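Data block below; observations after.
Every number here is computed from the coordinates shown, using simple stated rules; none is lab data. Remember, predicted model here, so these are calculated numbers, not experimental data. All Cβ positions, glycine included, derive from the backbone under ideal geometry; neighbour counts span all protein chains shown.
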Amino acid sequence: MKYLLAFVLTFSVFALRAQTAQLVKVDQLKQLIEKPSDQIQVINFWATWCAPCIKEMPLFEKLGQSRPDVAVTLVSVDLDLDRNPAKVHKFVERKKLTSTVYILDEKDPNVWIDVIEKSWQGAIPATLIVNTKTGKRTFVDKELHEGDLEKLIDQVR
Amino acid sequence: MKKVLSLLAVAALLVAAAPAKDGYEVGDKVADFKLKNVDGKMVSLADFKTAKGFIVMFDCNTCPVSKAYNERILALNKKYASQGFPVIAINPNDPSVSAGDSFEKMVDYAKKKGYDFPYLVDETQNVAKAFGATNTPHVFVLTKDLTVAYIGSIDNSRDAGNVTKKYVEEAVDALLAGKEVPTPKTKAVGCTIKWKPA
C-alpha cells in the first residue's frame, strides 16, 4: 500500500510537470507579457540546444523560487528546427523545472521576433524584464551571471 | 546620495557591459577592417580587387545554429565567389567565454570543413561591434563600395529541408542583376556572440 501511494504521488507530480510546458503562439505570449500584474515579469528565451541558456537557467529557477515579487517564465524556441515538443518536455522533467515553461509554437522567426522585442535579432539566451506597474521594460541578449538579474530587475522599478 | 551614486555606478557598468546595439543599418557604408585569417595572414576587404561585393558572415565553431548552416555557408561561397561575391567569415567569440572558438580551434575547424574562404578572428570584437552583429550566424551583404545591402539570416529555416526563402541568395542575385534587394532585413534564432566579460 505504501508503495502504491508512493507510486501514485510520484505519478501525479510527474503529470503536473508534463502539464507545465504548454505550446503558445506569439500573440498569446505578448498578452501574457503585457497583462497588468503586481509581479515583475522575467521572461527568458532559451532552447535545449543552447548551452549558455542551460548554464544560466538555475539563476532563473532560484529567482522565481525566492522572490514573490517576480514571476519567471521560460520560453523555449526549440520548435524552429524540430516541430516535436517531446525534447522540451523531457528536458523540463529531467531538470525538474519549477518555473512556468512555454514552448513557442511559431514557424517564421522573421515575424515573431519583432512582436516580442524590436531590438532583438533573435540570438539566445535572451531575457525580457517587464514591470507593468511602472511601464518599464529592459531586454538583454547575452548569458547572465550571478547578480545580473537582480540589477536588471532594479532597472524596471 | 550614496545610494544614488551606487545606482549610477551600476547603471554605468551595465551600459558599458552591453554590446553596442547600434551598428550598421542597410544603406550605411562600412569601415574596412584588417583581421587575421586562419592561414596567419592579415585580410582586408580592400585586398579583393575584383570583388563586386561581399557576403560578410559573423560565425563561429561552436554554435549549433552555425553548425546547422555550415554546409549552406560553404555552398554560398562555391556559388558566389566566382561571381564576385566571396564569403568573408569572421569569428568574434571570446575564447575565454567559449573555449571552442580559440584561434587554434578555428584553424582546425576551417581545415576539417574545407573552408575555401577567409575565416578571420575578431580578437578585439571591434569589427562585430562596429557592424552591430549580435548573432552567429549573422550575415551582412555588402556592395563593392562597402554599402550594406542586406542584414540578417541566410534563409528562413534552420532545417535545410524546410527553406522556402533564400534571403542571402536573393540579395546577391539582385545586386548582380542591378536590382533592388527584395528583403533587405531579416531575423532568425541564433546564438549570442560571446562578448568579453566586462
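For the range B:123-198 versus the range B:65-115, the spacing of their alpha-carbon centroids is 14 Å.
For residue A:101, the residues whose modelled amide H falls within less than 5 Å of its own, excluding neighbours fewer than 5 places apart on the same chain, are A:22, A:74. Taking each DSSP H run with n ≥ 4 as -39500 (n - 2.57) and averaging over every residue of chain B yields -9500 deg cm²/dmol at 222 nm.
Among A:121, A:98, A:152, flag the residue with its Cα farthest along the positive direction of the charge dipole of the range A:18-155, charges on Cβ as +1 for Lys/Arg and -1 for Asp/Glu. It is A:98, whose Cα lies furthest towards the positive end.
When the Cα positions of B:60, B:192, B:156 are compared along the charge dipole of chain B, B:192 comes out farthest toward the positive end, with charges on each C-beta of Lys, Arg, Asp and Glu. In terms of other Cβ atoms within 10 Å, B:153, B:102, A:37 run from fewest to most in the order A:37, B:102, B:153. Build a GNM of chain B with springs between Cα atoms under 10 Å apart, and of B:106, B:57, B:42 the one that fluctuates most is B:42. The residues packed around residue A:60, meaning those with a beta-carbon under 13 Å from its beta-carbon, carry a net charge of -2 if Lys and Arg are +1 and Asp and Glu are -1.
Between A:108, A:78, A:27, the Gaussian network model of chain A with springs among Cα atoms under 10 angstrom shows the greatest mean-square fluctuation at A:108.
The HN-Hα couplings worked out from phi for the range A:71-78 by the Karplus form 6.51 cos²θ - 1.76 cosθ + 1.60 (θ = phi - 60°) are 10, 9, 10, 9, 10, 7, 10, 5 Hz, whole numbers, x standing for Gly and Pro.
For the range A:18-155, what relative contact order do you get, as a whole percent, if you take Cα pairs closer than 8 Å and at least 6 residues apart? Dividing the mean separation by the residue count of the range A:18-155 yields 34 percent. For chain A, modelled as a GNM whose springs connect Cα atoms under 10 angstrom apart, the maximal fluctuation among A:103, A:124, A:113 occurs at A:113.
Kirkwood radius for the range A:18-155, taken over all pairs of different Cα atoms as the inverse mean of 1/r, rounds to 15.0 Å. Do any cysteines in the protein assembly as shown lack another Cys Cβ under 4.7 Å, and if so which? Flagged as lacking a Cys partner: B:60.
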